[in-house]
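The values are calculated or read from the model by the stated rules, or taken from the named source; none is laboratory data. Note that the structure is predicted; figures quoted are calculated from it, not measured. When we count neighbours, we look across all protein chains shown, and the Cβ atoms used for this are built from the backbone with ideal geometry, even at glycine.
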Amino acid sequence: MAQEMIIPLFAAYGLVVTIFGVLMGYLLAKMIIARDIENIIRSERKSAVSFSRAVIKGKISEQILPLLPFFKYNLGDARFLGSPIDYIVFNGYSEDNNFIKEIVFVEVKTGKSELSPTELAVKECIDSRRVRYEVINIDY
């Protein structure tokens, strides 16, 4: 009779140990995930702030470019568009004779930023001379 009690006792003990192990594993995993999520959130917030600062610097740089000493065109010749290209420069326009020597499309980039797909498409149109002048008359 004693042996008959030992087998169910071992089974019950094994079940208790298994449940305890699963519960401890669950709690440990939950703690690790919670810690990792906090680290991920902290990292993503830093990344978002850095990206936001870079965007703001880029926007400011676009606006002040004609005021900087290395801008090689006359301030009065530059027209800010912002999108899809930052500036169109009518080189020579502000001089006394209003003779435009060339029209220059200017895109401002800061840091490691690259041309967007739209900016690349504009550049490709210009490079392949798919640019034209059109007059639209409106009759009222």
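Looking at the stretch 45-95 only, could you name the residues that are among the basic types (Lys, Arg) and out of contact with any Phe, Trp or Tyr (no Cβ under 7 Å at 6 or more places or on another chain)?
Residues satisfying the conditions are Arg45, Lys46, Arg53, Lys57, Lys59, Lys72.
What pairs come out if I take residues in the stretch 70-87 that are closer than 12 Å to Glu119 by Cα and pair them with residues that are of a type in the set (S, T, N, Q) whose C-beta lies under 6 Å away, six or more apart or interchain?
Short answer, once both residue conditions are applied: Pro84/Thr118.
Determine, yes or no, whether Ser116 is among the small types (Gly, Ala, Ser), closer than 20 Å to Gln63 by Cα and out of contact with any Asp or Glu (no Cβ under 9 Å at 6 or more places or on another chain).
So Ser116 passes the test.
So that you can scan it fast, the table gives a plain yes or no per residue for (1) in contact with a helix residue (DSSP H, G or I) (Cβ under 6 Å, 6 or more places away or on another chain); (2) more than 28 Å from Val55 (Cβ to Cβ):
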{"position": "Leu65", "(1), (2)": "no, no"}
{"position": "Leu75", "(1), (2)": "yes, no"}
{"position": "Ile88", "(1), (2)": "no, no"}
{"position": "Gly92", "(1), (2)": "no, yes"}
{"position": "Glu102", "(1), (2)": "no, yes"}
{"position": "Lys109", "(1), (2)": "no, no"}
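Could you tell me whether any residue of the stretch 18-36 is out of contact with any Ser or Thr (no Cβ under 6 Å at 6 or more places or on another chain), surrounded by fewer than 10 Cβ atoms within 10 Å (Cβ to Cβ) and of a type in the set (Lys, Arg)?
Within the stretch 18-36, not a single residue is out of contact with any Ser or Thr (no Cβ under 6 Å at 6 or more places or on another chain), surrounded by fewer than 10 Cβ atoms within 10 Å (Cβ to Cβ) and of a type in the set (Lys, Arg).
Return only the number of the condition from (1) of a type in the set (D, E, K, R); (2) free of Cβ contacts under 8 Å to residues at least 24 places away in the same chain; (3) surrounded by 11 or more Cβ atoms within 10 Å (Cβ to Cβ) that Glu114 does not satisfy.
(3)
May I ask you to verify whether Val131 is surrounded by 14 or more Cβ atoms within 10 Å (Cβ to Cβ) and at pLDDT 90 or above?
No, not satisfied.
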